[in-house]
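Engineer: To start, I am sharing the structure in question, which I have written as structure tokens.
The values are calculated or read from the model by the stated rules, or taken from the named source; none is laboratory data. For clarity, every value in this text was computed on a predicted model and none was experimentally measured. Reconstructed Cβ throughout: ideal geometry from the backbone, glycine too, with neighbour counts over all protein chains shown. In case anyone asks, the SASA skips ligands and DNA or RNA and just uses the protein heavy atoms, side chains included. Shrake-Rupley method; radii C 1.70, N 1.55, O 1.52, S 1.80 Å.
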Amino acid sequence: MSVVVLSPSGLATGRKLAEGLQQELHARTAPADRIFDDTAAHLRELFAAGKPILFVGAAGALIRILAPVLSDKHSEPPVVSLSEDGRSVVPLLGGHHGANDLARRAAAILDGHAAVTTAGDLRFGVALDAPPEGYRRAPERVCRVKSDRLRVFVRFLAGLPCPDRWREPLLLCRRAKSGAAGPPSSRLACVLLA
């Protein structure tokens, strides 16, 4: 993981974050653990190496720099952008693969706000495609809701009631103590993604 600072005005925030996370501080000027000259080349190198990036600087600049190397959201590292004052922390890439959690950790260190926008995290506090410890993914089912003729994906999360007409195998199943999948819960929560 690397904390990368674009300009001297973000150096204090970057240093506080790097110390709080016990990670290296990368900057264009000293003092820093690693100094670089070419911001775009440095960020692309970190990204290609699969290292999570916490970038103190404008989100738009970071997006434009990384855009040419984006290819597969399932294998790319988490990327988080932070305002120079540390008040805004935005997971840009890899929200369900560590960026949301990283944004929350960074925001806690900096007394900022993690601007998490992924639906599962907002509705349930958990990423449905990256289940929490003790859960596993089960195959997704596609069903047709005939009353409104919409195709929807029905995903389930243990904990809330679910209408009988939407009961399908669980997307997330709690593991038994032995590590095997436990029996389906009688109380299910449905997430409908049109």
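Engineer: Can you name the number of the only condition in (1) in contact with a strand residue (DSSP E or B) (Cβ under 6 Å, 6 or more places away or on another chain); (2) modelled with pLDDT under 95 that SER75 fails?
Structural biologist: Among (1) in contact with a strand residue (DSSP E or B) (Cβ under 6 Å, 6 or more places away or on another chain); (2) modelled with pLDDT under 95, SER75 violates only (1).
Engineer: For region 67-85, check the following and say yes or no: at least one residue is open to solvent by less than 80 Å² (accessible area, probe 1.4 Å), out of contact with any helix residue (DSSP H, G or I) (no Cβ under 9 Å at 6 or more places or on another chain) and in contact (Cβ under 8 Å) with a residue 12 or more places away in the chain.
Structural biologist: Within region 67-85 (the criterion being open to solvent by less than 80 Å² (accessible area, probe 1.4 Å), out of contact with any helix residue (DSSP H, G or I) (no Cβ under 9 Å at 6 or more places or on another chain) and in contact (Cβ under 8 Å) with a residue 12 or more places away in the chain), the answer is no, since none of the residues qualifies.
Engineer: Right, something else. Examine region 98-117 for a residue that is of a type in the set (Ser, Thr, Tyr), surrounded by fewer than 20 Cβ atoms within 10 Å (Cβ to Cβ) and modelled with pLDDT under 85, and state whether such a residue exists.
Structural biologist: Within region 98-117 (the criterion being of a type in the set (Ser, Thr, Tyr), surrounded by fewer than 20 Cβ atoms within 10 Å (Cβ to Cβ) and modelled with pLDDT under 85), the answer is no, since none of the residues qualifies.
Engineer: Quick one: what pairs do we get from region 48-66, first residue open to solvent by less than 40 Å² (accessible area, probe 1.4 Å), second of a type in the set (D, E, K, R) and at pLDDT 95 or above, C-beta under 8 Å, 6+ apart or different chains?
Structural biologist: Close Cβ pairs (under 8 Å, with a partner that is of a type in the set (D, E, K, R) and at pLDDT 95 or above) amount to VAL56/GLU84; GLY57/GLU84; ILE65/ARG44; LEU66/ARG44.
Engineer: Same structure again: Among the residues in region 20-43, are any closer than 20 Å to HIS113 by Cβ and at pLDDT 95 or above?
Structural biologist: Within region 20-43, one or more residues are closer than 20 Å to HIS113 by Cβ and at pLDDT 95 or above.
Engineer: When residues of region 2-43 are filtered for being surrounded by 18 or more Cβ atoms within 10 Å (Cβ to Cβ), in a helix (DSSP H, G or I) and of a type in the set (Ser, Thr, Tyr), how many remain?
Structural biologist: Of the residues in region 2-43, 2 are surrounded by 18 or more Cβ atoms within 10 Å (Cβ to Cβ), in a helix (DSSP H, G or I) and of a type in the set (Ser, Thr, Tyr).
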